[in-house]
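Please read the structure below before turning to the comments.
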């Protein structure tokens with residue numbers, strides 16, 4: 001007598017009662033035998049297998065069974081697929097979750113609201129925003145989106161990645177469909193506008209939010225306060241904090257941490273002490289973010305010693321996390337104590353401290369800063385990095401140092417390792433290589449690299465372009481520099497005033513007046529205004545050709561446009577006037593010097609002293625008197641300063 005389908009189903013249940021690893025191979029053999037020799041699996045067989053896999057938490061094989069059901073024209077129940085998606089979300093296996101989601105769509109099933117909300121949130125948090133948008137848009141078309149909690153994570157993810165305009169479109173789409181936005185929705189857009197520097201939009205949106213009956217919360221206000229701080233509007237930010245309190249929104253610990261950070265950046269230690277007292281009065285104890293804000297702020301303004309003292313005090317209380325310890329490592333490395341930082345790291349790891357990639361990168365960068373590049377390479381291979389291994393920051397730290405030191409062996413080694421790890425060079429590493437090739441005079445390789453960047457990603461940054469132009473012009477390769485400049489204009493690389501200044505300066509040096517005029521015309525068409533360096537190059541060129549009147553016209557034009565010439569430009573013009581005997585022009589130039597608050601340097605005084613001493617000023621007693629006054633006045637200042645210093 002042959003086994004029936006009931007016998008096989010019973011056998012499946014028995015096997016599933018065993019451990020997951022023990023039963024799966026036997027189940028595969030039984031399932032294969034049923035397909036080949038009969039009786040063929042039926043819906044109850046598949047359901048038994050699927051429920052068993054879900055019970056064992058075996059997501060991979062559960063998905064396999066669902067796909068087998070589909071291939072054999074059986075329909076899994078909504079409950080089974082819903083449980084499978086829930087399991088994928090629970091174990092954060094988002095790729096398998098997307099597979100299950102597609103399987104559900106085949107049967108016109110839709111996830112339950114809690115599972116869907118959590119799934120979209122996790123996709124957004126993992127940076128899979130495009131996938132989250134696809135899931136959302138499919139369900140929206142089918143009418144399966146029920147609340148604001150489903151799409152708020154997408155609004156936030158879009159705003160966090162610089163796509164506020166797309167988020168705004170989604171906002172209005174959902175409003176048109178009758179959804180009522182909450183404070184989280186509005187705050188996401190405010191965050192996006194802040195992140196992209198759109199101040200007008202920030203405050204317009206705040207007004208719009210309130211006019212629609214939605215009150216901002218502490219998070220909304222804190223985002224705006226940080227935005228104002230980051231844009232140098234300290235007083236306006238503090239007024240906004242006062243406005244928060246007047247409207248009944250008491251700043252929370254996050255708000256105070258933002259204020260602490262800014263006060264540290266401004267070196268306002270008395271205000272910091274007062275703020276900590278206010279926090280204490282409100283029952284808010286500083287957390288690791290507070291300490292990170294304080295110490296990071298001190299480090300940023302160069303008070304490394306104060307930061308170290310504060311950190312050691314924090315460590316004695318045992319309230320620090322890895323972020324605070326990383327600031328301590330940065331302090332040590334800032335003072336060229338990378339070996340001590342490494343020693344501290346090893347000692348802490350023995351008592352349970354778990355460093356992260358930032359810890360390793362900080363110490364690695366410290367060794368690079370001290371030019372101990374061989375030790376840095378050894379650390380690269382011996383640190384216990386996270387599962388993905390060293391990141392671009394680690395490789396770039398060593399590569400940039402090797403390029404700066406001209407160590408071709410380590411450059412080759414790092415590039416080989418990056419290729420092996422399938423890690424692409426980014427704009428920073430490529431710029432380092434361009435600098436290396438330029439400094440070693442290997443322009444052929446440099447130009448090959450730039451050409452590759454032009455036609456592939458990443459597009460050269462303006463810093464890369466300017467560095468290349470400078471080195472080419474420095475080596476009398478103006479024609480090549482200008483050709484590269486023209487080619488790069490057809491890419492996303494936007495030239496700036498510095499780019500034009502480099503080419504103008506080189507053109508003047510090579511007496512290429514036609515190109516100078518062409519470049520100035522291009523600048524005007526691009527909407528770029530000449531700066532002090534542009535005028536300085538032009539004035540210097542005119543002075544060398546003896547065209548003093550034209551040089552003085554440019555000087556006056558520069559002053560009229562509110563540009564303050566450097567003392568180098570002043571000295572260039574002054575020397576040319578003396579050499580050409582245009583002594584009456586000296587008076588107007590010295591007058592401008594006084595009005596603009598110029599401080600003559602040693603070169604200036606040397607030019608003036610030489611003019612007085614060679615006797616050429618006897619025919620111009622008024623000019624000579626002014627020169628004597630300038631020289632003696634500046635000499636007296638110098639004497640007073642030395643007296644004070646002594």
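Before moving on, here are some points about what is shown:
- Virtual paramagnetic centre 7 Å along Cα→Cβ of residue 457, amide N under 19 Å, in the stretch 406-420: 419
- Computed E for residue 409/residue 387 - FRET, C-beta separation, R0 22 angstrom, nearest 0.05: 0.15
- For residue 211 and residue 180, the difference between the fully extended length at 0.36 nm per residue and the C-alpha to C-alpha distance is 9.8 nm.
- If a spin label sat at a point 7 angstrom from the Cα of residue 511 along the line to its beta carbon, the backbone N atoms of the stretch 541-582 nearer than 13 Å would be those of 544-546.
- Using the average count of surrounding beta-carbon atoms within 10 Å as a protection proxy, the listed peptides 177-188, 275-286 rank, highest first, as 177-188, 275-286.
- Distance between modelled label sites at residue 547 and residue 112, nm, 7 Å Cα→Cβ extension: 8.2 nm
- Sites residue 349 and residue 580, calculated FRET efficiency, Cβ-Cβ separation with R0 60 Å, nearest 0.05: 0.25
- Our estimate of slack between residue 161 and residue 371, defined as 0.36 nm per intervening residue step minus the Cα-Cα distance, is 72.0 nm.
- Fully extended contour minus Cα-Cα distance, from residue 55 to residue 439, at 0.36 nm per residue: 131.8 nm
- Sites residue 138 and residue 75, calculated FRET efficiency, Cβ-Cβ separation with R0 22 Å, nearest 0.05: 0.65
Any read-out appearing in this document is the output of simple, stated calculations on the displayed coordinates, not a laboratory observation. Quick caveat, the model's predicted, so the values are computed rather than measured. Heads up, the Cβs are rebuilt from the backbone with ideal geometry, glycines too, and the neighbour counts pull from every protein chain shown.
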